[in-house]
Each structure stands twice: as structure tokens, then as C-alpha cells.
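Asks: Can you keep this structure in mind? I'll have questions shortly.
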Amino acid sequence: MTYQIALTFEDGVTRFIEGRDGETVADSSYRSRINIPLDCRDGVCGTCKSFCESGEFELGEYVPDEAMTEEEEAAGYVLTCQLFPKSDLVINIPVTSDIAKAGASTHAGEIITIDHVSETSTYFGIRLDNRGALGFLPGQYVNIVVPGTDQTRSYSFSSGPQADEVGFLLRNTPTGALPTYLRERAKPGDRLEFTGPMGSFYLREVKRPLLFLAGGTGLAPFLSMLEKIGDTGADQPVHLIYGVTNDADLVKVDELEQYAKQLSNFTFTCCVADEGASYPNKGYVTRYIEPEHVNGGDVDVYLCGPPPMVDAVRKWLEGQGIAPLNFYFEKFSGTGLVTETGSIHLKAADVDEAFDARMALELGAAQLTVGRLSGDQIAEYRRLEEAAAQFVGDGRFTDPAGFRQANAAFHLFPIAATGNATMIDTYKRLQVQEYMAQALTPSTELAADIAQDHRDMVDAVARGDIEAARVAIVAHTEHAKATMRAGIEEQSGSAG
Ligand code: FES
């Protein structure tokens with residue numbers, strides 16, 4: 001049995017390798033000449049710790065707390081040297097592709113289809129020389145070399161990951177390099193080359209309803225995602241709202257109708273911004289977002305369109321008080337250059353709620369454990385505090401990911417010390433870790449000395465002073481929430 005394993009690197013490059021039953025992902029990578037971080041290969045050192053975004057697997061043995069904590073495992077971290085795939089996997093490798101010697105690969109083939117689907121949009125398809133060598137996640141893009149030039153332009157696949165012909169949909173702008181080539185010079189049989197796949201705008205595991213918002217030829221990645229959903233199936237409702245500027249921009253609607261027939265969980269709405277359009281639905285996509293599409297916020301929103309559309313949708317959601325659990329977006333310019341890929345998942349109120357819930361658990365844990373912990377337990381608590389402190393320096397996190405992991409272990413400790421399975425389980429379900437991963441960066445300013453907060457908590461517990469422990473827990477929660485708000489604001493500023 002073999003599996004397709006997508007290794008996504010920090011610089012947006014994705015490489016696919018073949019995984020085999022009984023073979024670790026580390027060994028599969030090595031076989032594919034990709035140097036993912038490794039040291040002991042034995043589940044001891046933690047060098048190979050990565051994050052598994054989707055898929056089924058088994059983990060071999062590892063040394064708890066040394067290589068990885070149980071907390072981290074519960075949060076989705078894996079050790080690639082102990083990771084045996086049981087399905088296709090998507091794994092985030094925490095280094096750049098350069099370091100892993102896994103730069104984006106180059107693929108070449110010949111154009112077999114050029115279809116000017118409307119006066120403003122063109123589809124073209126390529127038959128690759130080696131289709132088997134190209135793997136991609138639906139939603140990703142490649143950098144296409146414009147024939148006869150040294151220029152490249154970025155376009156998302158409109159075809160699914162399994163389709164023989166790889167297809168792209170682009171806006172037929174008068175001056176765009178690739179549109180001009182396709183309009184004026186291209187003919188079937190021409191050679192074309194691209195590098196990739198790239199980008200973090202790709203379909204994640206479908207765990208909740210999906211709302212797709214496409215602007216113009218930003219429809220392309222969604223066609224690819226729908227093909228994938230058509231292949232694998234999904235139980236969750238998927239709704240697409242496809243907005244364009246003028247009637248002529250509305251293309252591929254017949255394909256959407258096919259998907260609506262084929263997939264019982266898929267529905268879509270089209271709209272044309274031009275109020276003078278002949279298409280009956282006029283206005284912007286936000287006009288057509290219904291409450292059931294956002295499912296009270298328990299929804300993953302994917303948005304691909306020009307920058308003003310991305311910004312307008314974000315503002316609209318905020319104005320409506322809707323905070324999608326995950327919000328992935330890709331902004332592109334009319335020339336086909338991907339300008340920005342990102343994700344926003346947070347609303348301050350949700351974050352506050354999670355941190356308050358953690359505080360309630362910690363106050364409860366203090367009530368049950370202060371004055372009852374052994375010397376060894378207090379020493380362990382202090383060790384965890386010190387482990388987290390090493391990632392804090394000069395008012396910022398020196399390594400937010402490192403802090404996050406160490407911090408999770410630190411906060412779990414007193415709750416785990418209660419031995420109360422319900423409390424431990426509740427703590428593990430909190431989305432504190434996930435929220436921190438989304439909000440905190442090395443430039444986030446800390447609202448207070450977080451490391452000192454932690455020390456105050458441990459000191460109070462060591463003294464058996466429950467009142468001081470309570471004060472320290474409450475103060476730390478306020479500082480943590482304020483720091484998270486700073487991170488969220490920073491993200492919304494930079495993402496706009
Ligand atoms: S390489 Fe050491 S734990 Fe995997």
C-alpha cells in the first residue's frame with residue numbers, strides 16, 4: 001500500500017513523496033532525497049517534530065516530554081521518524097524548502113487546450129511529460145514561465161489533483177503577459193513550463209461546513225477543490241458564492257451545475273456586481289451570504305479574489321459579528337500574480353472565552369492541589385516554567401512555536417496534577433493552543449512579563465499560598481488575553 005504525503009515547508013513550497021506501509025515518513029523523505037530535520041531517528045530528540053494537518057497515521061514509540069509531550073501529540077504534532085502513514089497525509093515541516101533541499105520542482109508539458117470561455121476569461125490545459133511527478137493540494141498555484149520570455153506568472157490549478165490534464169483559468173487582460181501569449185501566439189502543442197506547487201491556500205480536511213467565496217477567476221482553486229471533494233466525498237455542506245464584475249466574467253457555471261447535481265451537499269450562488277447586468281443576482285458576494293452558510297461561526301471560509309474583495313468580506317463578517325472558525329484567503333492581482341495568501345481564524349471574544357475557561361480550570365486545580373503537591377511535583381512545575389521562559393525575551397516571544405508548546409505543558413501540569421479526568425479532558429479541548437498559533441508572531445508585543453507571571457504562579461504553589469496562586473492566575477490570564485489581542489490586531493493590520 002502506498003500513500004501520497006504532502007510536505008509543506010515554511011516558505012510555501014510543497015513537495016509530495018510516496019509513503020509506504022511500514023515505512024516512516026522520515027525514511028520516505030530520505031528515499032525521495034528530501035532532508036527533513038532529523039537527528040536520533042529513534043523518537044528521543046524531538047528534532048523531527050512537525051505538525052500533521054490531515055490524514056490517518058500511527059505513531060511509533062517516543063520518549064514522552066523529551067521528544068514530544070502528550071499535549072503536543074494531542075494538538076496534532078508528530079515525530080516524522082516515528083510516523084507511519086495509514087492514509088494520505090499533509091505535514092507542515094518547520095523549515096524552509098531550501099534547508100530541506102526540497103526546492104519547488106519544475107514540470108513541463110504541451111498545451112492541449114486553449115478555450116476563450118468568454119471575452120474576459122480563458123481556460124488552458126496542459127498535458128505534462130510526467131504527470132505522475134506532479135502532486136498538489138487543491139487550491140495551490142504554480143509559477144508559469146511565459147513562453148518566449150523570462151517572466152513567470154502565478155496561477156492556481158482549476159483542475160483537481162488527479163486530473164490528467166492540468167488546467168488553469170485566467171482573466172484575459174489586454175496587457176497581461178500570459179493572456180497576451182495565449183491570445184496572440186499560443187497554439188496546441190506549444191511547450192510550457194512551471195515550477196511548484198506553492199501556497200498555503202489549499203483545502204484542509206473537511207471537518208465542518210464550508211463557505212467558498214470566489215471573485216472572478218478566483219473561481220479556479222474552487223473548481224480544483226470541488227473536483228477533490230467529488231473524488232473523496234464530504235459529509236459537510238459546501239456552499240460557493242461566485243461573484244464577478246460583469247456578465248461576461250461569469251464562466252464555468254455549467255461545471256458548477258454539474259457539481260451541484262453530482263454532490264448532494266454542494267450548492268452555489270452566482271452574482272454580478274454591475275447593477276446594469278442582465279444576470280438576475282446583482283451586487284457583491286456579501287449580499288448572498290445567508291445565516292445557514294456561516295453556521296453560527298462553526299464554518300471554514302475560503303476566499304479567493306482581488307484584494308478589495310478580500311478586505312470587503314472581512315469587514316462585512318466583522319460588522320455582522322461573524323467569526324468563522326477558520327478563514328483562509330488568497331488575494332490575487334489582475335495580472336495573475338498571487339499577491340498574498342493567508343488565514344485568519346480569530347476573534348478576540350472567542351480568544352477571551354478560551355483563556356477565561358483555562359483560568360477557571362487553573363483556579364479549580366489550585367483549589368484541589370495547592371499545599372498537596374510533592375517536592376518532585378513542584379520541581380517539575382518549575383522545570384516547565386523555566387522551559388517556557390526560554391522562549392520569552394525583551395518583551396516578545398523569541399520563538400512563538402517553541403513557547404506555545406512549552407506553555408501548553410506548563411499550564412497542563414497543575415490541571416493534570418488534580419488527576420481529574422474531566423478537567424484534563426476539558427483543558428485539552430480548549431482551543432488556546434490553536435488560537436496562539438494563529439495570533440502570535442515574533443513581533444507580537446507582550447502585555448506584561450509572561451515569564452514572571454509563570455514564576456509567580458509556581459512560587460505561590462511552592463509556598464502553598466492559595467490566595468497568591470489565585471491572584472497570579474487571574475493576573476496572568478489578563479496579560480495573556482491582552483497579548484493575544486495585540487497579536488490579533490497585528491495580524492488584521494498586516495493581512496489587510
Ligand atoms: S529524529 Fe529524534 S525524535 Fe525523530
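The values are calculated or read from the model by the stated rules, or taken from the named source; none is laboratory data. Fair warning: this is a prediction, and the values are worked out from it, not measured in the lab. Please note: Cβ atoms are built from the backbone with ideal geometry, for glycine as well, and neighbour counts cover all protein chains shown.
Asks: Do the conditions hold for K331, that is, is it basic (K, R) and at pLDDT below 90? It would help to see each step written out before you state the result.
Replies: On the way: basic (K, R): yes; at pLDDT below 90: yes.
Yes.
Asks: Restricting attention to segment 1-19, and to residues there that are without any contact (Cβ under 8 Å) to a residue 60 or more places away in the chain and not in a loop (DSSP other than H, G, I, E, B), which single residue is farthest from S97 (Cα to Cα)?
Replies: As a first pass, look at segment 1-19 and keep what is without any contact (Cβ under 8 Å) to a residue 60 or more places away in the chain: 1-2, 17-18.
Checking the rest, the ones that are also not in a loop (DSSP other than H, G, I, E, B) come to 2, 17-18.
Numbers: T2: 24, I17: 14, E18: 17 Å.
Filtering first and then ranking leaves T2.
Asks: Do we find a residue being free of Cβ contacts under 8 Å to residues at least 40 places away in the same chain, surrounded by fewer than 21 Cβ atoms within 10 Å (Cβ to Cβ) and of a type in the set (A, V, I, L, M, F, W, C) anywhere in segment 38-46?
Replies: yes
Asks: Could you count how many residues in segment 7-25 are within 15 Å of the ligand (Cβ to nearest atom), in contact with a Gly (Cβ under 8 Å, 6 or more places away or on another chain) and not polar (S, T, N, Q)?
Replies: Count: 1.
Asks: Among (1) assigned to a loop (DSSP other than H, G, I, E, B); (2) buried (at least 20 other Cβ atoms within 10 Å of the Cβ), which single condition is L213 missing?
Replies: (1)
Asks: Now a separate question. Quick check on this structure: which one of A387, A448, A408 is assigned to a helix (DSSP H, G or I), surrounded by fewer than 20 Cβ atoms within 10 Å (Cβ to Cβ) and aliphatic (A, V, I, L, M)?
Replies: Details: A448 fails: assigned to a helix (DSSP H, G or I); A408 fails: surrounded by fewer than 20 Cβ atoms within 10 Å (Cβ to Cβ).
After ruling out the rest, the residue left standing is A387.
Asks: Determine whether segment 230-240 contains at least one residue that is small (G, A, S) and closer than 25 Å to P179 by Cβ.
Replies: no
Here's the yes/no breakdown for (1) closer than 24 Å to A163 by Cα; (2) assigned to a strand (DSSP E or B):
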{"residue": "C40", "(1), (2)": "no, no"}
{"residue": "T47", "(1), (2)": "no, no"}
{"residue": "E58", "(1), (2)": "no, yes"}
{"residue": "E61", "(1), (2)": "no, no"}
{"residue": "A100", "(1), (2)": "no, no"}
{"residue": "H107", "(1), (2)": "yes, yes"}
{"residue": "T122", "(1), (2)": "yes, yes"}
{"residue": "G139", "(1), (2)": "yes, no"}
{"residue": "V142", "(1), (2)": "yes, yes"}
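Asks: Go through segment 26-37 and give me each residue that's near the ligand (Cβ under 10 Å from one of its atoms) and either buried (at least 20 other Cβ atoms within 10 Å of the Cβ) or of a type in the set (A, V, I, L, M, F, W, C) (or both).
Replies: Of everything in segment 26-37, those that are near the ligand (Cβ under 10 Å from one of its atoms) and either buried (at least 20 other Cβ atoms within 10 Å of the Cβ) or of a type in the set (A, V, I, L, M, F, W, C) (or both) turn out to be A26, I36.
Asks: Hey, another quick one. The conditions are (1) under 23 Å from F403 (Cα atoms); (2) among the acidic types (D, E); (3) assigned to a loop (DSSP other than H, G, I, E, B), and E53 fails exactly one of them. Which is it?
Replies: The failed condition is (3).
Asks: Filter segment 43-70 down to the residues that are within 24 Å of Y3 (Cβ to Cβ) and among the polar types (S, T, N, Q), then identify the one that is farthest from the ligand (Cβ to nearest atom).
Replies: If we take residues in segment 43-70 being within 24 Å of Y3 (Cβ to Cβ) and among the polar types (S, T, N, Q), then S54 is farthest from the ligand (Cβ to nearest atom).
Asks: Let me ask something else about it. Go through (1) among the hydroxyl-bearing types (S, T, Y); (2) buried (at least 20 other Cβ atoms within 10 Å of the Cβ); (3) more than 16 Å from the ligand (Cβ to nearest atom) for T173 and report which single condition fails.
Replies: (2)
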